[in-house]
Amino acid sequence: MSDFRRVSDNFCVSPQITESDVAEASTRGFAMVINNRPEGESADQTPGQRVEQACRASGLAYLSIPISHSGFSAPQVAAMTDALRAADGPILAYCRSGTRSTFLWALAQAKLGQDLPKIATDAARAGYDISPIKPLMDIFAAQSLD
């Protein structure tokens, strides 16, 4: 059974997905899958190429924005921001636990000028605490005002 967690109306996160999860995502109306997991992070993960092939076969867009445990970069946040703007429907993003996907979404939302307390509330409702990235969110939020 899939563990898709609703963060916002158009964005859900999940721990590692498989090809059968892609089929469920398609059935549930997702338009895009974003892989935030670097290849080879663990021996039990489904390779991104297999997830991408399943997405293409199911008519879903696929994007890889790998986030390692070393943190987030401006290009990664820009890629997520672009994906949020360009998506033709709801997005499902995944990593090992869903945390990095939620963090990247939150940073992109901050960059887009969204309300920071609402971002935190939405993430918390999905079961994620974004307080560790609050200083970085503040930086991206300040840039959105420029």
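No value in this document is a laboratory result; all are computed from the given coordinates. Predicted, not measured: the structure shown is a model, and the values here were computed from it. Positions of Cβ are backbone-derived with ideal geometry, glycine not excepted, and every protein chain shown enters the neighbour counts.
Under the criterion of Cα pairs below 8 Å and six or more residues apart, the relative contact order for region 5-144 equals 31 percent.
Region 33-48 and region 95-146 have Cα centres separated by 22 Å.
Principal-axis analysis of the Cα atoms of the chain puts helix 48-58 at an angle of about 70° to the longest axis. Rg ratio for region 15-91: its Cα radius of gyration over 2.2 N^0.38 Å, N being its residue count, equals 1.09. Proximity of backbone amide H atoms, modeled 1.01 Å from N, is registered between ALA93 and CYS12, VAL13, SER14, ILE34 at under 5 Å, excluding neighbours fewer than 5 places apart on the same chain. For the chain, the 222 nm mean residue ellipticity estimated from helices alone, with every DSSP H stretch of n ≥ 4 adding -39500 (n - 2.57) and the total spread over all residues, rounds to -14000 deg cm²/dmol. Once the Cα atoms are used to define both axes, helix 134-144 deviates from the longest principal axis of the chain by about 80 degrees. Rounded to the nearest 20 debye, the dipole size of region 6-93 about its Cα centre is 140 debye, using +1 on the Cβ of Lys and Arg and -1 on the Cβ of Asp and Glu. Going by alpha carbons, how many degrees (0 to 90, nearest 10) lie between the helix axis of 116-125 and the longest principal axis of the chain? So the inclination is approximately 40 degrees.
Name the GluC sites (Glu not before Pro) in region 38-146 that are in a loop by DSSP and that have at most 15 other C-beta atoms within 10 Å, would you?
Hits after loop and neighbour filter: GLU39, GLU41.
Only sites in a loop by DSSP and with at most 14 other Cβ atoms within 10 Å count here; which trypsin sites (Lys or Arg not before Pro) in region 19-82 make the cut? Those that pass, being in a loop and sparsely packed, are ARG28.
Working note: Debye formula, equal point scatterers on the alpha-carbon atoms of the chain, no solvent; log10 I(q)/I(0) at q = 0.10, 0.11, 0.13, 0.18 Å⁻¹ is -0.30, -0.37, -0.51, -0.99. Taken about its Cα centre, region 36-146 carries a charge dipole of roughly 120 debye when the Cβ of each Lys and Arg holds +1 and the Cβ of each Asp and Glu holds -1.
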